[in-house]
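I have placed the structure first, in the form of structure tokens, so that the comments after it can refer back to it.
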Amino acid sequence: MAKQDSLDRVWDVIEHVGVCMFTTRSAAGMRARPLEARPDRGNGIIWFVTDLRSAKEHEIARDPAVGLVFVDADAKAYLSITAEAAIRRDHVKAAEIWKRTDNVWWHGPDDPNVCVLRVTPLTAELWDGPSSSVAAFEFLKARVRGEPPNLGENRKVMVRMRLQPGTTKHDQARGGLVAKRRAKPKEVIHAVDFE
């Protein structure tokens, strides 16, 4: 998978799935909850509308490291993102990314309890597997023949999502794709700079 294809595939999954499991670190350990992402592909940012009164805002204030997991079960795509989050009381941004469904929770983007989370992705891991119909056929064929199923290549893409200090987007665009095979068969890892 080429560098730009990997980048595009990660953003495609984020945009298609929409809701992710958003994980923070609480005093008691890791805590995940579903949140609707508002991706900004052009700027490499994922926004969330949320409530100042929730526990996640306090957890992010203590530790901005967060994890996001997007699952597209139909496409057999599993995406894990490591990121840094910042809490912003920015009603202009809230209005910009506001959806009508948000009115179920708040009285518009100017509600005093509304805030936005600005999530800056650092790295992403994407596992792309075969479709379920292909997998079902291969499992059936394997059972009849007594052989392991041929599920094709299960791709795992590692993506650096933040500009390295001292580099420009142009420098990173010129950087090459680094691909290497792991010891596990049928798994390829691509390390890609992502902005």
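Every number in this text was worked out from the coordinates using simple rules, so none of it is lab data. As the structure is a prediction and not an experimental result, all values here were calculated from the model.
The table for this structure:
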item: The stretch 1-123, Rg to Rh (Cα coordinates; Rh as Kirkwood inverse mean 1/r); result: 0.97
item: Whole-Å semi-axes of the stretch 45-99's equivalent ellipsoid (Cα gyration tensor); result: 23, 16, 9
item: Long-range HN-HN contacts of ALA37 with modeled amide H, under 5 Å; result: VAL19, CYS20
item: Radius of gyration and Dmax over the Cα atoms of the stretch 19-81, both given in Å; result: 12.6, 36
item: In order through the stretch 92-103: 3J(HN,Hα) via Karplus (6.51 cos²θ - 1.76 cosθ + 1.60), integer Hz, x for Gly, Pro; result: 5, 5, 4, 5, 5, 9, 4, 10, 4, 5, 5, 5
item: Placed amide H near THR123: partners under 5 Å, 5+ positions off or other chain; result: THR82, MET161
item: Phi-based couplings in Hz for the stretch 109-114 (Karplus 6.51, -1.76, 1.60; Gly and Pro marked x); result: x, 8, 3, x, 8, 7
